[in-house]
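Visitor: Before anything else, here's the structure in question.
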Amino acid sequence: YMKLADKVSNNVFVKNMKREEWKELRRSSIGGSDAGAIIGMNKWASPLTVYLDKKGINAFEGNIATKRGAWLEAPIRERCREELGIIVEEVPFMFYSNEHPFMSANIDGLVYTDEKKVIAGVEISGLGGLEIKTSERGEGFKDNELPDSYYSQVQHYMAVLQLPYFILSAYIINKDELKHYVIKRDDAFIEKLVEAEKVFWQEYVEKNVMPAPTGCNAENDVIEMMFKGSQQTIELSEEYEGLC
């Protein structure tokens with residue numbers, strides 16, 4: 001923690017935080033799970049769904065997959081400690097970027113090794129981060145490939161925490177297999193990501209301007225929920241017929 005404190009000075013202890021407090025805290029900044037949606041690398045979310053979540057209009061309450069991931073996080077972290085052979089520690093804090101306070105990071109763990117070590121074919125040393133995922137059948141997790149949204153997520157974390165690498169460990173449930181990926185810091189990607197997040201926060205969230213829909217399936221459910229129960233009928237003029 002002292003090594004990380006040198007890089008990031010602003011943090012909030014979240015381990016014992018009540019659910020409503022946690023939800024409110026998440027709305028106050030852009031987290032790693034928002035990054036892929038904002039930059040267009042998450043097929044399950046978009047800038048619109050993230051915006052509505054930040055405004056408390058579309059608060060995602062979780063599903064069985066997210067709940068299961070939370071239940072399994074501690075035992076998977078212990079298994080990572082055994083398999084990786086390096087220091088792996090829980091991180092009960094929400095960290096905020098010194099340079100961009102609208103960016104935050106709540107990570108699953110920190111990893112550390114004094115000596116150089118090869119994991120998943122990549123050499124690492126020093127301080128890095130850990131992200132834990134669970135998947136029923138392992139869709140998107142191949143030998144040298146992982147879902148784009150998770151790549152965006154850990155790059156966001158490295159931007160906030162000024163870390164050089166992340167280990168992403170994915171537990172494939174039906175195979176009882178734990179796959180490890182080492183993702184190095186990509187400064188060119190981070191530059192684009194930070195700019196996209198800055199525009200999203202300043203031009204949409206702070207100005208209360210709703211982003212345009214992108215057409216992803218998640219938006220259908222959100223928009224239907226927003227207008228559920230409405231009996232209002234709007235009659236369009238003929239000029240809209242072509243658009244319809």
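Visitor: Just give me the residues in region 132-143 being of a type outside the set (Ser, Thr, Tyr) and either free of Cβ contacts under 8 Å to residues at least 24 places away in the same chain or in contact with a Phe, Trp or Tyr (Cβ under 6 Å, 6 or more places away or on another chain) (or both), in sequence order. So that I can check it myself, show each step before the final result.
Guide: Quick first cut of region 132-143, residues of a type outside the set (Ser, Thr, Tyr) only: 132-133, 136-143.
Those that are of a type outside the set (Ser, Thr, Tyr) and either free of Cβ contacts under 8 Å to residues at least 24 places away in the same chain or in contact with a Phe, Trp or Tyr (Cβ under 6 Å, 6 or more places away or on another chain) (or both): Glu139, Gly140, Lys142, Asp143.
Visitor: Which one of these is at positive phi and not basic (Lys, Arg): Ala105, Ala74, Ala120, Ala37?
Guide: Details: Ala105 fails: at positive phi; Ala74 fails: at positive phi; Ala37 fails: at positive phi.
Every option except Ala120 fails the conditions.
Visitor: Where residues in region 51-65 are of a type outside the set (Gly, Ala, Ser) and modelled with pLDDT of 75 or more, which of them is most open to solvent (accessible area, probe 1.4 Å)? Reasoning before the result, please.
Guide: Within region 51-65, the subset of a type outside the set (Gly, Ala, Ser) is 51-55, 57-58, 60-61, 63-64.
Now drop any that are not modelled with pLDDT of 75 or more, which leaves 51-55, 57, 64.
Numbers: Tyr51: 13, Leu52: 0, Asp53: 18, Lys54: 17, Lys55: 73, Ile57: 78, Ile64: 110 Å².
Looking at residues that are of a type outside the set (Gly, Ala, Ser) and modelled with pLDDT of 75 or more, I get Ile64.
Visitor: For region 154-174, which positions are among the aliphatic types (A, V, I, L, M), more than 26 Å from Asp6 (Cβ to Cβ) and crowded, with 20+ Cβ neighbours inside 10 Å? Break it down stepwise before answering.
Guide: Of region 154-174, the ones among the aliphatic types (A, V, I, L, M) are 154, 158-161, 163, 167-168, 170, 172-173.
Those still in the list that are more than 26 Å from Asp6 (Cβ to Cβ) too: 170, 172-173.
Of everything in region 154-174, just one residue is among the aliphatic types (A, V, I, L, M), more than 26 Å from Asp6 (Cβ to Cβ) and crowded, with 20+ Cβ neighbours inside 10 Å, namely Ala170.
Visitor: Another question, if that's okay. Test of understanding: among Ser104, Ser149, which residue is closer than 17 Å to Thr66 by Cα and out of contact with any Leu (no Cβ under 8 Å at 6 or more places or on another chain)? So that I can check it myself, show each step before the final result.
Guide: Values: Ser104 fails: closer than 17 Å to Thr66 by Cα.
Ser149 is the lone residue from the list that is closer than 17 Å to Thr66 by Cα and out of contact with any Leu (no Cβ under 8 Å at 6 or more places or on another chain).
Visitor: For Lys198, work out the one condition from (1) assigned to a helix (DSSP H, G or I); (2) open to solvent by less than 30 Å² (accessible area, probe 1.4 Å); (3) not β-branched (Val, Ile, Thr) it doesn't fulfil.
Guide: If we test Lys198 against (1) assigned to a helix (DSSP H, G or I); (2) open to solvent by less than 30 Å² (accessible area, probe 1.4 Å); (3) not β-branched (Val, Ile, Thr), just (2) comes out false.
Visitor: Determine which member of the set Gly215, Gly229 is open to solvent by less than 80 Å² (accessible area, probe 1.4 Å), assigned to a loop (DSSP other than H, G, I, E, B), modelled with pLDDT under 95 and farther than 23 Å from Ser46 by Cβ. So that I can check it myself, show each step before the final result.
Guide: Values: Gly215 fails: farther than 23 Å from Ser46 by Cβ.
Among Gly215, Gly229, only Gly229 is open to solvent by less than 80 Å² (accessible area, probe 1.4 Å), assigned to a loop (DSSP other than H, G, I, E, B), modelled with pLDDT under 95 and farther than 23 Å from Ser46 by Cβ.
Visitor: Being crowded, with 17+ Cβ neighbours inside 10 Å and either over 20 Å from Arg77 (Cα atoms) or in contact with a Gly (Cβ under 7 Å, 6 or more places away or on another chain) (or both) is the filter here, so list the residues in region 135-153 that pass it.
Guide: Leu146, Pro147, Ser149, Ser152, Gln153
Visitor: Further, regarding this structure: Filter region 73-104 for residues that are aliphatic (A, V, I, L, M), closer than 18 Å to Asn16 by Cα and buried (at least 16 other Cβ atoms within 10 Å of the Cβ) and give the result. Give the derivation first.
Guide: Kept after step one, since they are aliphatic (A, V, I, L, M), are these residues of region 73-104: 74, 76, 84, 86-88, 91, 94, 103.
In the following step, the residues that additionally are closer than 18 Å to Asn16 by Cα were identified as 74, 91, 94.
Those that are aliphatic (A, V, I, L, M), closer than 18 Å to Asn16 by Cα and buried (at least 16 other Cβ atoms within 10 Å of the Cβ): Val91, Met94.
The values are calculated or read from the model by the stated rules, or taken from the named source; none is laboratory data. Since the structure is predicted, the reported quantities are computational estimates derived from the model, not experimental observations. Neighbour counts are summed over all protein chains in view; Cβ atoms, including those assigned to glycine, are modelled from backbone coordinates with ideal geometry. These area figures cover heavy atoms from the full protein model, side chains too; ligands, DNA and RNA do not enter into them. Shrake-Rupley method; radii C 1.70, N 1.55, O 1.52, S 1.80 Å.
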